[in-house]
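Visitor: Have a look at this one.
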Amino acid sequence: MQRENSAGGYFLDKIESFNFEKIYTKKIRLLLHFFMWFFFGSLLMLAYKFSYQLTFFEGLVMTIRMTVVNMSIFYFFFYVVVPSFKYLNRIKSILLLLLSIILCGILWLLITYLFSVSYHYFGIEISAGELKGAIGMSAAQTLLEAISPLRLMSQAIIIFSNLAPFFFFKILFEIFRVYNKVLTIQKQKATLEIEKINIEKDFLKAQLNPHFLFNTLNNLYGLVLKKDDYAQEVILNLSEIMSYTLYESNAVTVPLEKELEFIQNYFQLEKMRHATNKNISFKIINHTSKKLTIAPLLTFTFIENAFKYGLKSNDNSFLNMIITIKDNQFKFMLLNDVEKKSQVNNLGGIGLDNVKKRLLLLYPSNHELFIKEEEKKFEVDLVLNLQEEWKK
């Protein structure tokens, strides 16, 4: 999926690139909260002034009361209740949510009542309009009447309508912030995994060079002593392998034909170490003319393991490899005998786990890997969906 080709992808990239840790500092957070409540208070003041025809002073005291009530509920819920959810299971979280809704309602009524009592004590009252005498009527209640269940139910819609905008924007902001953090962590994790895989690939190449080079040079020395014409072909194959592993395989992907040349050269040189009566075969069946690309050295571990742990049986040793390319699909099949089970699962600390990780990172939904290990047989089947080489 190409995220950059869609509007959704564009916004996801913007969310991912936003640096909350750097921009959303404590100072900025305090300023945003201040302006949020100042904006709310200003709108409330205008509403009291023009809708209820209150004087400036009356509108101010009512605005202070309503703002403090909203702030108390807002901070109680998001900074006292919400942090407790991470320590609870699902059922307890639901119960806490229901309980917190009731507590927020009671807290709303309680603070409103205390403000009314305080205002009434200092002789503050609404002198005209729809709210005339509202403070005195509220203060005339007892505490139990002010926070009674009946009062709570009658005021539920008012409480909800007042708190809904703040809760909505806070929840939306937290979703945005958490999603940004998730995307950042995923990106960092993917980067670290790729770096780790590249390190392992480089180590794999370094491991390949001395061990393989030592065996090949020994064989080459024997051919030279016998003045065998095959020595020239061995030198050419070895040169191409060294060039590929040292220079060309550093890319994320390489042309498929280059990888096939490397596999063929490596296979032939490894085959040279074994007796001619061993059942060793390699076949490439190419049904496509497309210029495909592939991640380098993906199959090397399987081939190296096959030669390292296979061909041990005196009676029925075999190593058979077939690569088939059709359309955009790369099929790799390798079958060899093994002397003992589970030996092939380790290649100097790299091995099969490394291949699986590379496949998950580079071909997450475009590969199938089947590994079958029996008492004296080991089989690998790998299918990759490849991409065509980019053309200018």
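The values are calculated or read from the model by the stated rules, or taken from the named source; none is laboratory data. Everything numeric here is computed off the predicted structure, so don't read it as measured data. Cβ placement follows ideal geometry from the backbone for every residue including glycine, while neighbour counts extend to all protein chains displayed. Surface areas here come from the heavy atoms of the whole protein model, side chains and all, with no ligands, DNA or RNA. Shrake-Rupley method; radii C 1.70, N 1.55, O 1.52, S 1.80 Å.
Visitor: Might you let me know whether the stretch 280-291 holds any residue that is in a helix (DSSP H, G or I) and either of a type outside the set (K, R) or at pLDDT below 85 (or both)?
Guide: Pass one, the stretch 280-291, residues in a helix (DSSP H, G or I): none.
Within the stretch 280-291 (the criterion being in a helix (DSSP H, G or I) and either of a type outside the set (K, R) or at pLDDT below 85 (or both)), the answer is no, since none of the residues qualifies.
Visitor: Closer than 24 Å to Y363 by Cα and open to solvent by 10 Å² or more (accessible area, probe 1.4 Å): which single residue out of N305, N250 fits that description? Can you show your working first?
Guide: Working: N305 fails: open to solvent by 10 Å² or more (accessible area, probe 1.4 Å).
Just a single option satisfies the conditions, and that option is N250.
Visitor: Looking for something at pLDDT 75 or above, in contact with a helix residue (DSSP H, G or I) (Cβ under 7 Å, 6 or more places away or on another chain) and within 21 Å of I323 (Cβ to Cβ) - is there at least one such residue anywhere in the stretch 206-220? First the steps, then the outcome.
Guide: Looking only at the stretch 206-220, we keep the residues that are at pLDDT 75 or above, and these are none.
The answer is no, given that none of the residues of the stretch 206-220 is at pLDDT 75 or above, in contact with a helix residue (DSSP H, G or I) (Cβ under 7 Å, 6 or more places away or on another chain) and within 21 Å of I323 (Cβ to Cβ).
Visitor: State yes or no: is S317 at pLDDT 90 or above, of a type in the set (S, T, Y) and over 30 Å from P364 (Cα atoms)?
Guide: Numbers: at pLDDT 90 or above: no; of a type in the set (S, T, Y): yes; over 30 Å from P364 (Cα atoms): yes.
For S317, the condition - at pLDDT 90 or above, of a type in the set (S, T, Y) and over 30 Å from P364 (Cα atoms) - is not met.
Visitor: Just to check your reading of the model, which residue among L44, L54 is surrounded by 15 or more Cβ atoms within 10 Å (Cβ to Cβ), in contact with a Phe, Trp or Tyr (Cβ under 6 Å, 6 or more places away or on another chain) and modelled with pLDDT of 85 or more? Let's see the steps before the verdict.
Guide: Working: L44 fails: in contact with a Phe, Trp or Tyr (Cβ under 6 Å, 6 or more places away or on another chain).
So the residue among L44, L54 that is surrounded by 15 or more Cβ atoms within 10 Å (Cβ to Cβ), in contact with a Phe, Trp or Tyr (Cβ under 6 Å, 6 or more places away or on another chain) and modelled with pLDDT of 85 or more is L54.
Visitor: Across the stretch 265-279, what is the total count of residues that are surrounded by 17 or more Cβ atoms within 10 Å (Cβ to Cβ) and closer than 30 Å to Y363 by Cα?
Guide: Initial filter on the stretch 265-279 (surrounded by 17 or more Cβ atoms within 10 Å (Cβ to Cβ)): 265-267, 269-270, 272.
The next check asks that each one be closer than 30 Å to Y363 by Cα; those that pass are 265-267, 269-270.
Number of matching residues: 5.
Visitor: May I pose another question? Can you pull out every residue in the stretch 128-164 that is in contact (Cβ under 8 Å) with a residue 60 or more places away in the chain and loosely packed, with under 14 Cβ neighbours inside 10 Å?
Guide: Passing the criteria: A128, E130.
Visitor: Please give the number of the condition D381 fails out of (1) farther than 22 Å from N265 by Cα; (2) modelled with pLDDT of 90 or more; (3) not aromatic (F, W, Y).
Guide: (1)
Visitor: Right, next: Of the residues in the stretch 91-105, how many are of a type outside the set (G, A, S) and surrounded by 16 or more Cβ atoms within 10 Å (Cβ to Cβ)? Walk me through how you get there before you give the answer.
Guide: Initially, the stretch 91-105 is screened for residues of a type outside the set (G, A, S), giving 91-92, 94-99, 101-104.
Okay, now just the ones that are also surrounded by 16 or more Cβ atoms within 10 Å (Cβ to Cβ), so 96, 103-104.
So the count comes out to 3.
Visitor: Just checking, does the stretch 107-120 include any residue being open to solvent by 70 Å² or more (accessible area, probe 1.4 Å) and either outside any helix (DSSP H, G or I) or within 29 Å of F34 (Cα to Cα) (or both)? Reasoning before the result, please.
Guide: Step one: filter the stretch 107-120 for residues open to solvent by 70 Å² or more (accessible area, probe 1.4 Å), giving 114, 120.
Retained after the next criterion (residues that are either outside any helix (DSSP H, G or I) or within 29 Å of F34 (Cα to Cα) (or both)): 114, 120.
Yes.
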